[in-house]
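Here is the structure we will look at.
The values are calculated or read from the model by the stated rules, or taken from the named source; none is laboratory data. On a predicted model such as this, the values are computed, not experimentally measured, just so you know. Backbone-built Cβ (ideal geometry, glycine too); neighbour counts: all protein chains shown.
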């Protein structure tokens, strides 16, 4: 069954109204008519099964048939802070990270980041990532679309560490030294409702100075297994480990 996200004010006690690009998808792509059913989420924890009543050029009105409880969100809120990478790697994170349960994506400029976000283009970049996250959230039956922020400086990222219950850093040098238990130790201490910040450097990794600053702020440096993995793989590795540890093992 097709799923769509609506604003909170579009989902009332007994009815749902779908607007925007989703109207064209319902009417022209899926060719749905009155009597067909869809799933709607209000991006704030409420998900319903709804029956289409009317389809117009600008909106689709539905009657709510059933309240649903998908329980597809991770038990903790995970933010991935990704050092600005080259190419379309942030788009990959937005799509696959959403499928794996990320709550928020925070790009940042690391000392080894080659890519720079121009202020005049930042809004469009974020909008593109938000669109990808929305589509992935619908496909993966998420109840919430991950939020995406504009890029911040490394210094600003360090200041954010204190806002999270736990912070882990994917650090290449830890992997090279054989460190293999830090991530597991952190996951053994997390509780439902906690917040976890996962920091991943760009293609060149984080510098020793950056790692030191993050450690001083309270972050834990982690090796992600015996192999050195790419910057676009690291956050997905951690998200999969979180899901396995907190959802499949409990």
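Figures for the structure shown
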| read-out | value |
| --- | --- |
| First in region 212-239 and in contact (Cβ under 8 Å) with a residue 12 or more places away in the chain and not assigned by TED's automatic domain parsing to the domain that holds residue 180, second anywhere and in a helix (DSSP H, G or I) and surrounded by 19 or more Cβ atoms within 10 Å (Cβ to Cβ), Cβ under 6 Å, 6 or more apart | none |
| Unmet criterion (only one of (1) buried (at least 19 other Cβ atoms within 10 Å of the Cβ); (2) at pLDDT below 95) for residue 44 | (1) |
| Some residue of region 78-87 being in the same structural domain as residue 242 (by TED's automatic domain parsing), under 22 Å from the mean Cα position of the chain (by Cα), surrounded by 14 or more Cβ atoms within 10 Å (Cβ to Cβ) and not in a strand (DSSP E or B) | yes |
| Qualifying residues in region 184-201 (those that are under 18 Å from the mean Cα position of the chain (by Cα) and in a loop (DSSP other than H, G, I, E, B)) - the one farthest from residue 154 (Cα to Cα) | 192 |
| Complete set of residues in region 211-234 that are part of a helix (DSSP H, G or I) and touching a helix residue (DSSP H, G or I) at 6+ places or on another chain (Cβ under 6 Å) | 213 |
| Search result, residues across region 6-26 that are outside any strand (DSSP E or B), over 24 Å from the mean Cα position of the chain (by Cα) and crowded, with 17+ Cβ neighbours inside 10 Å | 23, 26 |
| Residue 107, sole failed condition from (1) loosely packed, with under 13 Cβ neighbours inside 10 Å; (2) in contact (Cβ under 8 Å) with a residue 12 or more places away in the chain; (3) within 21 Å of the chain's Cα centre (by Cα) | (1) |
| Evaluation of residue 238 against (1) under 30 Å from residue 3 (Cα atoms); (2) out of contact with any strand residue (DSSP E or B) (no Cβ under 6 Å at 6 or more places or on another chain); (3) assigned to a helix (DSSP H, G or I) (one fails), failing number | (2) |
| Matching residues, region 91-104, being in contact with a strand residue (DSSP E or B) (Cβ under 8 Å, 6 or more places away or on another chain) and either surrounded by fewer than 24 Cβ atoms within 10 Å (Cβ to Cβ) or part of a loop (DSSP other than H, G, I, E, B) (or both) | 101, 102, 103, 104 |
| Options 96, 120: the member that is in the same structural domain as residue 194 (by TED's automatic domain parsing) and over 23 Å from the mean Cα position of the chain (by Cα) | 120 |
| Only one of 155, 180 that is over 23 Å from residue 42 (Cα atoms), free of Cβ contacts under 8 Å to residues at least 24 places away in the same chain and out of contact with any strand residue (DSSP E or B) (no Cβ under 6 Å at 6 or more places or on another chain) | 155 |
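For every residue, the table says whether it meets (1) surrounded by fewer than 17 Cβ atoms within 10 Å (Cβ to Cβ); (2) closer than 13 Å to residue 221 by Cα.
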position: 132; (1), (2): no, no
position: 142; (1), (2): no, no
position: 147; (1), (2): yes, no
position: 155; (1), (2): yes, no
position: 178; (1), (2): yes, yes
